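Working notes for the structure below.
The values are calculated or read from the model by the stated rules, or taken from the named source; none is laboratory data. What you are looking at is a predicted structure, and each value in this text was computed from that prediction instead of being measured. Cβ placement follows ideal geometry from the backbone for every residue including glycine, while neighbour counts extend to all protein chains displayed. The accessibility values were calculated without ligands, DNA or RNA, using every heavy atom of the protein model including side chains. Shrake-Rupley method; radii C 1.70, N 1.55, O 1.52, S 1.80 Å.
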Amino acid sequence: MTLPAQKTALVLGATGLIGNLLTHQLVNSPAYSMVKVLVRKPLTWQHPHLQEISFEFDHPNGLIIQADDIFCCLGTTMKKAGSKEAFQKVDYQYPLTVAQMGLTNGAKQFAIVTSMGADTESSFFYNRVKGEVERDLTAMNYPTLLIYRPSLLLGNRAEQGENRLGERLAEGTMRLLKPLIPPKYRAVEASKVANAMLTTAQQGLTGKTVFESDALQAF
């Protein structure tokens, strides 16, 4: 019996809530022989299968992005970004830049976390930007495009040095009211989103597949 060849993964946002969990899973997955992460500063941990690549999204400087599967977990908030323009850079421009670089160099699969409610026609700027990045990634015609739209994320952001008071208050409320909230709108553990990304990336899906928040609860 011939085992399938191991692949190379690339992670954007490896220091974030989902990205950190996913990267740890990827380096321990038998499906991948190498996991590359684009970073501005070194990670606080190492692994034999992990390769850190110093990268400035605003100045790629001819870096060649090569990987079989690209996982994008980039995301910020309006408060942290400081402006609509800065937010759009992180959540729209950066994913598209790396997606195009990867596709040019042979990437076959692009997986991205957007948000429940992503819609190019949304009256909410946040949801509109998420919809726009989905639309323009679709237009790239990746062999496989996987989109994950979680509701409010549950998880420990302290490890990433973040303290989102609004999210913590909402998290407490949603935990309390969970039995009354339809599955699609319930908060979802970040670990479930990471599990979903790793699992579905091995299923041989083709074309575009969207996973809504209620589907992510199953992971």
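Taking amide H as placed 1.01 Å from N in the peptide plane, LYS36 has its amide H under 5 Å from the amide H of ALA9, LEU10, VAL11, GLN51, each at least 5 places away in sequence or on another chain.
With an a/c value of 1.5 or above and a/b not larger than b/c for the gyration tensor axes a ≥ b ≥ c computed over the alpha-carbon atoms, the range 15-79 is described as oblate. As a length-normalised measure over Cα pairs under 8 Å and 6 or more apart, the relative contact order of the chain settles at 19 percent.
Ranked from largest to smallest solvent-accessible area, with a 1.4 Å probe on the protein heavy atoms, TYR142, TYR92, TYR126 come out as TYR126, TYR92, TYR142. Taking amide H as placed 1.01 Å from N in the peptide plane, the amide H of LEU154 sits under 5 Å from that of VAL188, GLU189, ALA190, each at least 5 places away or on another chain. Remark: accessible surface ordering of HIS24, HIS59 (largest first) is HIS59, HIS24, probe radius 1.4 Å.
Residues of the range 38-72 falling in the label zone of ASN156, defined by backbone nitrogen less than 20 Å from a point 7 Å along Cα to beta-carbon, are 43-47. Accessible area ranking (1.4 Å probe, heavy atoms, ligands and nucleic acids excluded), largest first, for GLU56, GLU132, GLU85, GLU121: GLU121, GLU85, GLU56, GLU132. For the chain, the solvent-accessible area works out to 51 Å² per residue, with a probe of 1.4 Å and every protein chain left in place. The label point for LEU96 and the one for PHE124, both projected 7 Å from the Cα toward the Cβ, are 2.2 nm apart. Only beta bridges with both residues in the chain are counted; by DSSP, about 0 percent of them are antiparallel.
Pairs exceeding a 18 Å alpha-carbon distance, out of LYS108/LYS208; LYS89/LYS208; LYS89/LYS130; LYS89/LYS192; LYS7/LYS108: LYS89/LYS208; LYS89/LYS192.
Accessible surface of the chain, 1.4 Å probe: 54 percent of it comes from carbon and sulfur atoms.
With θ taken as phi - 60° and the Karplus curve 6.51 cos²θ - 1.76 cosθ + 1.60 applied, the whole-hertz 3J(HN,Hα) list for the range 206-219 is 10, x, 9, 10, 10, 10, 6, 4, 5, 5, 5, 4, 6, 9 Hz, x standing for glycine and proline. Between GLY16, GLY131, GLY155, the Gaussian network model of the chain with springs among Cα atoms under 10 angstrom shows the greatest mean-square fluctuation at GLY155. GNM on the chain, alpha-carbon springs under 10 angstrom: the most fluctuating residue among GLY207, GLY19, GLY62 is GLY62. Our estimate of slack between ARG40 and GLU56, defined as 0.36 nm per intervening residue step minus the Cα-Cα distance, is 5.1 nm. Classify the chain from the C-alpha gyration tensor, please: rounded if a/c falls under 1.5, else prolate or oblate depending on whether a/b exceeds b/c. Rounded, because the longest to shortest axis ratio a/c is under 1.5. The phi-based Karplus calculation (6.51 cos²θ - 1.76 cosθ + 1.60; θ = phi - 60°) puts the 3J(HN,Hα) values of the range 8-14 at 10, 10, 10, 10, 9, x, 5 Hz, whole numbers, x for Gly and Pro.
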